[in-house]
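One structure is given here, and the rest of the page talks about it.
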Amino acid sequence: MSKIAEMKRKRVDAPKLITFLVVLALYVGVFILEQTVPQTSMLFTVLKKGATYALVAVSMNLCNGFTGIFSLGQAGFMLIGAYTYAILTIPTESRGVVYQYFNGGLVQFALPVVPAMIAAGVAALFFAFLIGLPVLRLKSDYLAIATLGFAEIIRAVLQWNTLGPLTNGSNILRMYPTFNSFNIVRPDGSTLYLSTTVCMLMAGVCIALIVLLIHSTYGRGMRAIKDDEIAAEAMGINLAYHKRLSFCVSSFFAGVGGAMLAMYQNTVQAKSFTTAMTYEILLIVVIGGIGSVTGSCLSSFLFVACSEWWLRFLDEKQMIGTWEVPLLRNGFRLVVFSVIIMIVVLFFRRGIMGTKELPDLFRRRTREAIK
Amino acid sequence: MSETPRNVLHIDHLTMQFGGVVAVNDLCLDINEGEIVALIGPNGAGKTTVFNAVTGVYEPTNGEISLFGKPVIRNHPQGKMKKEYLGTLGDKYLSAPLTHTPDELTKLGVARTFQNIRLFSGMTVFENVLTAQHLRRTSNVFTALFHLNRAEDHRMRIKTMDLLETVGLGDLKDEMATALPYGKQRLLEIVRALATGPKLLLLDEPAAGMNPQETEELGVFIRKIRKDFGLTIFIIEHHMNLVMDISDRIYVIDFGKWIADGVPEEIQNNEAVINAYLGGDEE
């Protein structure tokens, strides 16, 4: 009985508070950096793309890591999200230029950014629901192949010329609001840079929603399905409903992530949303730890930083004194990258975080302190 | 006891055929409210298959299962099975087949444990029991997402703690479920089943792997939960001492077929039962 009383008393525990403060400090840090470091720095590229990938990776983790649905359709849902966002937000005056081969296109209105992002998510969710009806009956590998196939089909369909008035065929979509639209020019001519902060805030809000879902009673149902489908069903958890819920929510946020990617890239074209993109995200999830939101976030920033920034030097000729380092040439970065991945898969199979989350890191320390 | 005990589980001419193997053949069984009924039989007699049919995991080949006086599962050989059917055809069920998924049956009030323990391995002891209350939720996705269902969530947590304390697992609540010793894992499975709010509890070999003392404690525990939770219990067990001790009635099957039923004394002296066990290879 004493334990129940204890449970009633304890509302906010320290590790959660520390986590909140850490995240807050991170955002403040990004905001300050953005005002002081030149905008052309690689840092902001990495932060923006990293935040976008973090959101998509977490959404994939919800499906693959927390519910045990091995879905590989992420690029497809991102594509739907990116296109929905771009199509709905291109300013009406720019449509004639963008849709130059299709007489300005079908859509003749423009939505503000946030409603368009939500629409991007809803569009992805709608397709996920339809695809989920047949596909979620499949298990493991078969489900992966089916969702992968779906992503490929979507990519092909969106490039179809007949859909041109809507999707601009295989031509790029551009001139829609990007993250740079969030920078505010003050009356005195100086600029308040907000693009990276806003990008990270968007990703942060979405990831927070996913975390809330995971920690809700529905999230527990999903984790039960991952651990043991038969036992979960015997405990009254409706498999079809919870799998569909997880799949649709995951796709919704992949769609939002796609919209963010479109904003990051400034232009969007269906052919860049390849299977390789899904694999990149899968890689992030695996490196971060399947079943850890923190892991997915960390590894997505690490991944993006490595591929876009830190390992760039491997692609160029490097001299140490007068000695030319052998092997370094265009493409060598990818070789090193593959080796790193193999090392992770062979020796750190549980990823950076395993199934731990940020609060657990502080928790372990406090528990040891008690002992 | 009341004059006419309410029927909880009624199995009518149940047959389960897998390919050419008839795992359960024409089994009829009745369990009334408040009873502890055991299902025994030599290894491979089809006991767990009966459980799986009752909980909706398998679709029976023939027969009808009623829960709390209402038919929930009904089938008769159809299609290809019509020709291949090897079981005894009791009454032919001409009415439409009826199915329920396991989770629907659990919602109706049937909970079970598994012969080979199936705890949620990625969760703590506490979460295992908490998750089992998910089916009695009143919140929808949105209220749950924004944690607006605090009262309900709190009630679930209190109930979880209550349940864990009654079986003495309260101190282990933050351990991973799979880190518990074997006997405690079995206990946790029962607690998890209780958390779904059942009226009928199916226990599949709860004493497997337990030592004599633990088995005896389990017997006391099963009686206690029947009383405290107003349960009807259907149990598969190999420990004869436990079965004879706690059961009100016993059904014996062999090769999927009914061979005897009655109170423990009758079963102990039943020739067919003795033959089934001695004619087999053990006990």
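Observations, loosely collected:
- Solvent-free Debye scattering, log10 I(q)/I(0), computed from the Cα coordinates of the stretch A:225-371 at q = 0.08, 0.16 Å⁻¹: -0.37, -1.12
- In a reduced charge model with +1 at each Lys and Arg Cβ and -1 at each Asp and Glu Cβ, chain B shows a dipole moment near 1280 debye about its Cα centre.
- Considering only B:HIS238, B:HIS147, B:HIS76, the Gaussian network model of chain B with Cα springs below 10 Å gives its largest mean-square fluctuation to B:HIS147.
- Sum of -39500 (n - 2.57) over DSSP H runs of 4+, divided by residues of chain A (222 nm, nearest 500): -21000 deg cm²/dmol
- Loop-located trypsin sites (Lys or Arg not before Pro) across the stretch B:151-230 with a Cβ neighbour count of 14 or fewer within 10 Å are lacking, with loop assigned by DSSP.
- Potential lengthening of the chain between A:VAL339 and A:LEU26 amounts to 109.6 nm, from the contour at 0.36 nm per residue minus the alpha-carbon distance.
- Isotropically averaged projected area of the stretch B:4-79, using the convex hull of Cα atoms (one quarter of hull area), nm²: 5.4 nm²
- Close amide H partners of B:ILE259, meaning residues 5 or more places away or on another chain with modelled amide H under 5 Å apart, are B:VAL252, B:ILE253, B:ASP254.
- Inter-chain neighbour count for B:107-118: the average number of beta-carbon atoms from partner chains within 10 Å of each residue's beta-carbon is 2.
- Within the accessible area of chain A (1.4 Å probe), percent carbon and sulfur: 68 percent
- Prolate/oblate/rounded call for the stretch B:72-227, Cα gyration tensor, a/c under 1.5 rounded: oblate
- Solvent-accessible surface of protein heavy atoms, probed at 1.4 angstrom with all chains present, puts A:LYS48, B:LYS70, B:LYS83 in the order B:LYS83, B:LYS70, A:LYS48, largest first.
- Relative packing of peptides A:158-167, A:271-280 - highest average C-beta neighbours within 10 Å first: A:271-280, A:158-167
- Column: log10 I(q)/I(0), Debye, Cα scatterers of the stretch B:46-150, q = 0.11 Å⁻¹: -0.51
- Among B:LEU194, B:LEU67, B:LEU203, residue whose mean-square fluctuation peaks in a GNM of chain B (springs only between Cα atoms under 10 Å): B:LEU67
- Taken over the alpha carbons of chain B as equal point scatterers, the Debye sum produces base-10 log I(q)/I(0) values at 0.07, 0.11, 0.16 Å⁻¹ of -0.28, -0.68, -1.30.
- Rolling a 1.4 Å probe over the heavy atoms of the protein chains gives the protein assembly as shown an accessible area of 46 Å² per residue.
- Computed over Cα pairs, the Kirkwood radius of the protein assembly as shown leads via Stokes-Einstein (0.890 mPa s, 25 °C) to a diffusion coefficient of 87 µm² per second.
- Only helical runs count toward this figure. For chain B, summing -39,500 (n - 2.57) over DSSP H runs of n ≥ 4 and dividing by all residues gives -10000 deg cm²/dmol at 222 nm.
- Viscosity 1.002 mPa s, temperature 20 °C, Stokes-Einstein D of the stretch A:113-152 from Kirkwood C-alpha radius, µm²/s: 193 µm²/s
- Of the residues A:VAL268, A:VAL114, A:VAL56, the one that moves most in a GNM of chain A with alpha-carbon contacts below 10 Å is A:VAL114.
- For the protein assembly as shown, the share of DSSP beta bridges that are antiparallel, to the nearest 5, is 65%.
- Heavy-atom SASA rank of B:MET240, A:MET319, B:MET210 (probe 1.4 Å, accessible area, largest first): A:MET319, B:MET240, B:MET210
- Accessible area per residue was computed with a 1.4 Å probe on protein heavy atoms; A:TYR53 scores about 10 Å².
- For chain A: lysine pairs under 23 Å (alpha-carbon distance), excluding those fewer than 8 apart on one chain: 15
- A convex hull fitted around the alpha carbon atoms of the stretch A:31-116 yields 168 Å³ per residue.
- Ratio of Rg to Rh over chain A (Cα coordinates, Kirkwood Rh, two decimals): 1.00
- When nucleic acids and ligands are ignored and a 1.4 Å probe is applied, A:GLU357 ends up with an accessible area of around 40 Å².
- Dipole of the stretch B:118-228, positive end: most advanced residue of B:MET210, B:LEU130, B:LEU180 [Cβ charges, Cα centre]: B:LEU130
- Taking all protein chains together, A:SER190, A:SER216 sort by accessible area into A:SER190, A:SER216, largest first [probe 1.4 Å].
The values are calculated or read from the model by the stated rules, or taken from the named source; none is laboratory data. Predicted, not measured: the structure shown is a model, and the values here were computed from it. Using ideal geometry, Cβ is built from the backbone for each residue, glycine included, and neighbour counts are taken over all protein chains shown. SASA here: full protein model, heavy atoms, side chains in, ligands and nucleic acids out. Shrake-Rupley method; radii C 1.70, N 1.55, O 1.52, S 1.80 Å.
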